[in-house]
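Here the structure comes first, spelled out in structure tokens, and everything after it is commentary.
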Amino acid sequence: MATTLGDFVQITSGHPFRGRIESNKDGDVYVVQMRNIDAEGRIDVKSLTLAKSVRENSLDRLRQNDIVFIAKGSNNTASLVEGLTKDTVCAPHFFHLRIKPNKQNSILAGFICWQLNQKPAQRYFKVSAEGSLQVSIRKKVLEETPFVLPDLETQRKIVNLHRCSMKEIKTYYRLIENRQLEMTAIASDLLNRLDKST
């Protein structure tokens, strides 16, 4: 049977801030904005802005294993909510996804994120995006995203494999960066010696 994302998650809009989100030391919520999503799609919780909420609504507070989805712009990706210790919301540029209560024992939030970030879903978003100056994904479009649900064991294997691959990529980039620094140091030392000998 064909399934869609909306069969498994509740989707709500981000917190309705008006205009620019201003930092406020007396604020009551931290805010996930697009700039807080790192290159690997993770939320950098240490860089969140403390702001004053527009309304008192505990329902839009992010919880562990919720998902935020970038709805505005051309980079429509999903990020898993992890490591939050304070009241936090997502900006209006996001949709807030939460697994439905009756689906929590059959699907992993990490698997949802992984599938939304894969090529089939990304192609669907590119075709379905609307707008001229700034493209966006409507809630209905996100709800109707085609979704494949394997058994939990398969989901766990995929999520673990993805995490391992991301760690490997990070390690490779570090090795490349270290090698470049090493080569720069060698070149600098060599050129300094040449300068002194002339």
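The values are calculated or read from the model by the stated rules, or taken from the named source; none is laboratory data. Bear in mind that the values here come from a model prediction, so they are computed numbers and not experimental data. As a convention, Cβ positions derive from the backbone with ideal geometry for all residues, glycine included, and neighbour counts pool all protein chains shown.
Here are some notes:
- Subset of region 121-171 that is of a type in the set (D, E, K, R) and in a loop (DSSP other than H, G, I, E, B) - its residue that is nearest to the chain's Cα centre (by Cα): R138
- Residue in region 68-79 that is polar (S, T, N, Q), more than 18 Å from A121 (Cβ to Cβ) and in contact with a strand residue (DSSP E or B) (Cβ under 8 Å, 6 or more places away or on another chain) present: no
- Close pairs from region 109-125: first farther than 24 Å from L152 by Cβ and assigned by TED's automatic domain parsing to the domain that holds L161, partner of a type in the set (D, E) and buried (at least 20 other Cβ atoms within 10 Å of the Cβ), Cβ under 7 Å, at least 6 apart: none
- Checking K196, K140, K119 one by one, the residue that is at pLDDT 95 or above, out of contact with any strand residue (DSSP E or B) (no Cβ under 8 Å at 6 or more places or on another chain) and surrounded by fewer than 10 Cβ atoms within 10 Å (Cβ to Cβ) is K119 and no other.
- For region 52-61, the criterion of being among the hydroxyl-bearing types (S, T, Y), more than 16 Å from T4 (Cα to Cα) and either touching a strand residue (DSSP E or B) at 6+ places or on another chain (Cβ under 9 Å) or in contact (Cβ under 8 Å) with a residue 40 or more places away in the chain (or both) is met by at least one residue.
- Single residue of E177, E153 found to be surrounded by fewer than 10 Cβ atoms within 10 Å (Cβ to Cβ), more than 22 Å from K119 (Cβ to Cβ) and not β-branched (V, I, T): E153
- Residue in region 88-98 that is within 30 Å of D26 (Cα to Cα), modelled with pLDDT of 95 or more, over 11 Å from the mean Cα position of the chain (by Cα) and of a type in the set (D, E, K, R) present: yes
- For region 26-61, a residue qualifies if it is aliphatic (A, V, I, L, M) and in a helix (DSSP H, G or I), and the qualifying residues are M34, V45, L59.
- Count of residues meeting criterion [within 29 Å of H162 (Cβ to Cβ), part of a loop (DSSP other than H, G, I, E, B) and in contact (Cβ under 8 Å) with a residue 24 or more places away in the chain] in region 1-25: 4
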